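Quick note: the coordinates plus some simple rules give every number you see, no bench work behind them. It should be emphasised that the depicted structure is a prediction, and the values quoted were computed from it without experimental measurement. As a convention, Cβ positions derive from the backbone with ideal geometry for all residues, glycine included, and neighbour counts pool all protein chains shown.
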Ligand code: FES
Ligand code: FES
């Protein structure tokens with residue numbers, strides 16, 4: 001296939017306005033990794049099956065390998081590099097370390113971005129296939145709920161127990177906070193007070 005005409009795509013990535021001239025066929029994943037050098041987002045299957053490429057688009061988790069960059073013109077993209085607004089580790093990143101939520105680390109950035117999006121979905125009351133009582137006012141974030149909601153993110157190393165533990169810990173420590181705005185660090189006093197209960 002010959003070169004296609006380029007189009008200008010403007011996105012705010014991790015709080016920085018970026019302007020890229022891209023062929024319309026370029027995926028968001030390739031734009032992030034190859035053009036912006038944000039290699040924290042990983043390419044696993046490149047066909048929507050593993051979740052390694054998960055990023056947040058306006059706070060919602062997406063598989064960036066399945067997204068064309070031109071679709072996200074004018075949107076806000078957050079990758080693993082932008083979590084917490086660059087002010088130290090995001091609570092989920094710290095929790096993954098404490099809980100041994102990774103081994104080789106290849107899936108980890110996708111797992112963490114996906115968990116942030118998942119917690120926002122749960123906080124907004126979205127049910128999952130594991131939700132038993134659809135009419136309940138609040139859906140308990142049980143381990144079964146976490147596993148179901150994270151089932152799009154595979155881990156070849158099998159670090160699932162640690163991944164679930166990390167998400168459970170942070171969800172319990174700061175309920176409703178973590179998925180609210182990934183670029184905004186959870187306030188230190190709120191996090192410190194909350195973490196005292198799980199140390
Ligand atoms: S690389 Fe995108 S889902 Fe696997
Ligand atoms: S930590 Fe190796 S693939 Fe998940």
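Roughly what % antiparallel, to the nearest 5, for the DSSP beta bridges in the stretch 7-82?
90
Can you figure out the FRET efficiency of residue 172 with residue 47, using R₀ = 25 Å and their beta-carbon distance, to the nearest 0.05?
Efficiency, rounded to the nearest 0.05: 0.10.
Could you state the angle between the C-alpha long axis of helix 108-123 and the longest principal axis of the C-alpha atoms of the chain, as a value from 0 to 90 degrees rounded to the nearest 10?
60
Which value results when the Cα radius of gyration for the chain is divided by 2.2 N^0.38 Å?
Output field value: 1.04.
Any idea how far apart residue 19 and residue 89 come out in nm if each label point goes 7 Å out from Cα toward Cβ?
Going by the 7 Å Cα→Cβ label model, 3.9 nm.
If you take every DSSP beta bridge fully contained in the chain, what fraction is antiparallel? Give it as a percent rounded to 5.
Taking every DSSP beta bridge with both residues in the chain, the antiparallel ones total about 90 percent.
Roughly how far apart, in whole Å, are the Cα centres of the stretch 130-176 and the stretch 88-113?
15
If you count, for each residue, the other Cβ atoms within 10 Å and average over each peptide, how do 35-41, 128-134, 23-29 line up from highest to lowest?
Those peptides, ordered most packed to least, come out 23-29, 35-41, 128-134.
Relative to the longest principal Cα axis of the chain, at what angle does helix 160-173 sit, 0 to 90 degrees, rounded to 10?
Taking Cα atoms only, the helix is inclined about 70 degrees.
Any chance you could run the full-extension gain for residue 151 through residue 103? It's 0.36 nm times the residue separation minus the Cα-Cα distance, nm to one decimal.
My answer for the length gained is 15.5 nm.
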